[in-house]
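What follows is one structure encoded as C-alpha cells, with my remarks underneath.
Any read-out appearing in this document is the output of simple, stated calculations on the displayed coordinates, not a laboratory observation. Fair warning: this is a prediction, and the values are worked out from it, not measured in the lab. Cβ placement follows ideal geometry from the backbone for every residue including glycine, while neighbour counts extend to all protein chains displayed.
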C-alpha cells in the first residue's frame, strides 16, 4: 500500500459545452491523495471551494477533518480525487484563462457552463487518468449538484452517490439570493471597466454568508456585541468580504452562480419523476437543520421520491445551528454516516 498526496493537471482537448461552445482544450487541476491501489472516491467542491480537499499539514484542505489517514474517509483504504471545476479560478480553465481568439483573459466573456458540463469534463479527465470506476462521488452544495448529475449521467461508472446539503432543483428562493449577489458584482464600476470589483465581490460574499449560516448561530456567536463602536457581526461580514477578494475571481463567481441557478435534474429528462426513475445508483443524502438554501425537508422528500420510484436511497438529517455551512464543520456529528455508508458498500461489493 502506498499513501500519497499530489497536485497535478490534466488536459482535455476539444471539449464542447452544452451551449455548443467548444474549447480547443480544457485544463483541470486536481488533487489526488490516499492509497494508490484503493477504490477511488471523487469529491466535488462547492462554489468558492477548490481541489485542495485534503491539502497538506501546513495548509490543510477544506475537508481535511473528514478525509485523512484514519478519518471518516480513510486515506489508508481509499484514493480520493478532487478537481478544481471548469469555470473556477484555482488553476483550471476559467475566466482568468487566456482566450485564444484574443490572447487576453476571458474575463466576463467566459462562456456559460452547466453542472452537467462540470461533470462531463471530469468524467473525461478521470478516463484520461486511467480511472475506470468510482466507488462513490461525494460533495456538498454545488458539489452536491455535481454528485446528483454523476448518478444520472454515468450510472455504470459509479457505485454510490452521497449528495450533501443539496436539492434536485435550485429553488427560486436560492436563485433570488444569487441574483442579488451577481447584481452586486455587475453594478460595481470596477467590474464594468474590466477591473477587480472589490466592493461588489465583497458584498456578494457578505450576502452569501448570511444564507450559509443561521440566525441562531449569529445570535449565539455575536449576541449584539460591539467592538470599537461597531457590531461584531458587521466586522465579521466585512472580514469575509476582504478574504474572498484576496482569493477568488469575480467572473468565476458569476460563472458558477449561473451554473447553480440552472441546476435541475429534470431538465431534458422529461420530468422530475422520469429523471428519478433513471437513477440506478444508490443514494445516501444528508441535510442540515437551518439550511435556508437547501431545506432538509426538501432533501428528505427527494429521498422518499427516489425510493417510491424504485430506487435505493437513505436520508440523514444533521442537528446543527450552522445551517448550510454545516457540511464544512462539525464532522463528528455526521462523518460517521459517510464512513458507515462506504463500509456497507464495500461489504456489499465484496460479498
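Which value, in nm² and rounded to one decimal, describes the direction-averaged projected area of the C-alpha convex hull of the chain?
18.3
If each residue of separation counts as 0.36 nm, what is the full-extension length gain between residue 329 and residue 104 once their alpha-carbon separation is subtracted?
Between residue 329 and residue 104, full extension yields an extra 77.1 nm.
Once the cut-off is 18 Å, how many percent of the Cα-Cα pairs in segment 226-286 end up in the long-distance tail?
65
Just to verify a number: FRET efficiency for residue 336 and residue 173, C-beta to C-beta distance, R0 = 30 Å, to 0.05?
Details: r = 31 Å, r/R0 = 1.03.
Efficiency for this residue pair is about 0.45.
Considering only 86, 286, 129, give the residue with the highest GNM mean-square fluctuation for the chain, with springs between Cα atoms whenever their separation is below 10 Å.
It is 129.
Between residue 221 and residue 112, with labels modelled 7 Å along Cα→Cβ, what's the label distance in nm to one decimal, could you check?
Output for this residue pair reads 3.4 nm.
Given just the C-alpha atoms of segment 78-202, how large is their convex hull per residue in cubic angstrom? Let's see the in-between values first.
On the way: hull volume 16.5 nm³, N = 125.
Dividing the Cα hull volume of segment 78-202 by its residue count gives 132 Å³.
In nm, to one decimal, how far is the modelled label at residue 319 from the one at residue 297, with both set 7 Å along Cα→Cβ?
A separation of 1.9 nm, rounded to one decimal place.
Restricting the calculation to Cα positions, tell me the Rg (one decimal) and the Dmax (whole number) of segment 101-142 in Å.
14.4, 42
Using square roots of five times the C-alpha gyration tensor eigenvalues, list the equivalent-ellipsoid semi-axes of segment 218-351 in whole Å, biggest first.
Computed over segment 218-351, the values are 35, 21, 15 Å.
Given the Cα-Cα distance of residue 309 and residue 278 and 0.36 nm per residue of separation, how much length would full extension add, in nm?
Between residue 309 and residue 278, full extension yields 10.2 nm more.
Where does each of 159-171, 247-259, 189-201, 12-24 land if you order them by average Cβ count within 10 Å, highest first? It would help to have the intermediate numbers written out before the result.
Numbers: 159-171: 24.5, 247-259: 22.2, 189-201: 16.6, 12-24: 13.4.
Result, highest mean first: 159-171, 247-259, 189-201, 12-24.
Give me the percent of DSSP beta bridges within the chain that run antiparallel, rounded to the nearest 5. It would help to have the intermediate numbers written out before the result.
Numbers: 24 of 49 bridges.
Within the chain, antiparallel bridges account for around 50 percent of the total.
Which residue fluctuates the most in the chain, going by a Gaussian network model with Cα springs under 10 Å, if the choices are 98, 81, 175?
98
Quick one: P(r) of segment 174-260 from all Cα-Cα pairs, 5 Å bins, percents rounded to integers, in order of increasing distance.
In whole percents, the pair-distance histogram is 3, 14, 23, 22, 17, 11, 7, 2, 0.
What's the ranking of 145-157, 337-349, 61-73 by average number of surrounding C-beta atoms within 10 Å, highest first?
Top of the packing list down: 145-157, 61-73, 337-349.
Can you tell me the relative contact order of the chain? Whole percent, Cα pairs under 8 Å, sequence separation 6 or more.
Normalised by residue count, the contact order of the chain is 16 percent.
Using a Debye calculation, one point per C-alpha and no hydration shell, please list log10 I(q)/I(0) for segment 41-123 at q = 0.17, 0.20 Å⁻¹ in order.
Here log10 of I(q) over I(0) equals -0.75, -0.92.
Evaluate the relative contact order of segment 1-128 (contact order divided by residue number), counting alpha-carbon pairs under 8 angstrom at least 6 apart; express in whole percent. Walk me through the numbers on the way to the answer.
Values: 249 pairs, mean separation 33.3, N = 128.
About 26 percent, as a whole number.
Using alpha-carbon positions, what is the distance between the centroids of segment 127-152 and segment 282-351, in Å?
Each part's Cα centre sits 16 Å from the other's.
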